[in-house]
Amino acid sequence: MGRRKTPLEVMATRSPDGKTPGHRYLPVLVKVRPDTNVPEPVTPLAGRAAEEWEKVWEACYWLKRDQDYHWVEMIARAYRDIEVFRARVEQDGLVVTGYANQVVAHPLIAEIRKCEATIQKCLSILGFSPTDRARLAITEAKARNELQKMLDDSV
């Protein structure tokens, strides 16, 4: 079966001159820094929508600008819609008269709930829900255990 290869990170920590035990140069390990630049939204945003746009892009350094843009845009649009809907509900009141002169809850309340569900789903897809955070923590723990095993085996 043979011995497992020593990871480059371990070899780099053991090597004082940046060379392998066979006197070959180790490849340079480059740490990738997250992209923290906030892209400009396609449509101008104001209020809570602009605030959430900034927050999501700053917090989610792992997002790909070209692939995940539409998810963040849906979140911002949902917040914008919620602001408009809440202003209208505040103006009209929580209850309105229905088509048969009955008292009913304002129909925009249901639309606000739909927007909130959209926000929740998009944030979950982007990795913000407690379940996603728990899944990431489990993955990190497994990776940490594997790394520790490799370090123990190499010593």
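Whenever a residue of region 55-80 is closer than 20 Å to P44 by Cβ and modelled with pLDDT of 85 or more, its partners that are of a type in the set (F, W, Y) and outside any helix (DSSP H, G or I), lying with C-beta atoms within less than 9 angstrom and at least six residues away or across chains, give the pairs V56/F128. Among the residues making up region 100-115, none is outside any helix (DSSP H, G or I), surrounded by 10 or more Cβ atoms within 10 Å (Cβ to Cβ) and out of contact with any strand residue (DSSP E or B) (no Cβ under 8 Å at 6 or more places or on another chain). Inclusion of V89 among residues that are surrounded by fewer than 13 Cβ atoms within 10 Å (Cβ to Cβ) and either at pLDDT 95 or above or of a type in the set (A, V, I, L, M) (or both) is not warranted. Among what's in region 71-106 and is among the aliphatic types (A, V, I, L, M) and touching a His at 6+ places or on another chain (Cβ under 9 Å), pick the residue that is nearest to L123 (Cα to Cα). Among those that are among the aliphatic types (A, V, I, L, M) and touching a His at 6+ places or on another chain (Cβ under 9 Å), it is V89.
The values are calculated or read from the model by the stated rules, or taken from the named source; none is laboratory data. Everything quoted here is computed from the prediction, not taken from an experiment. Here Cβ is always computed from backbone atoms with ideal geometry, including for glycine, and neighbour counts include all displayed protein chains.
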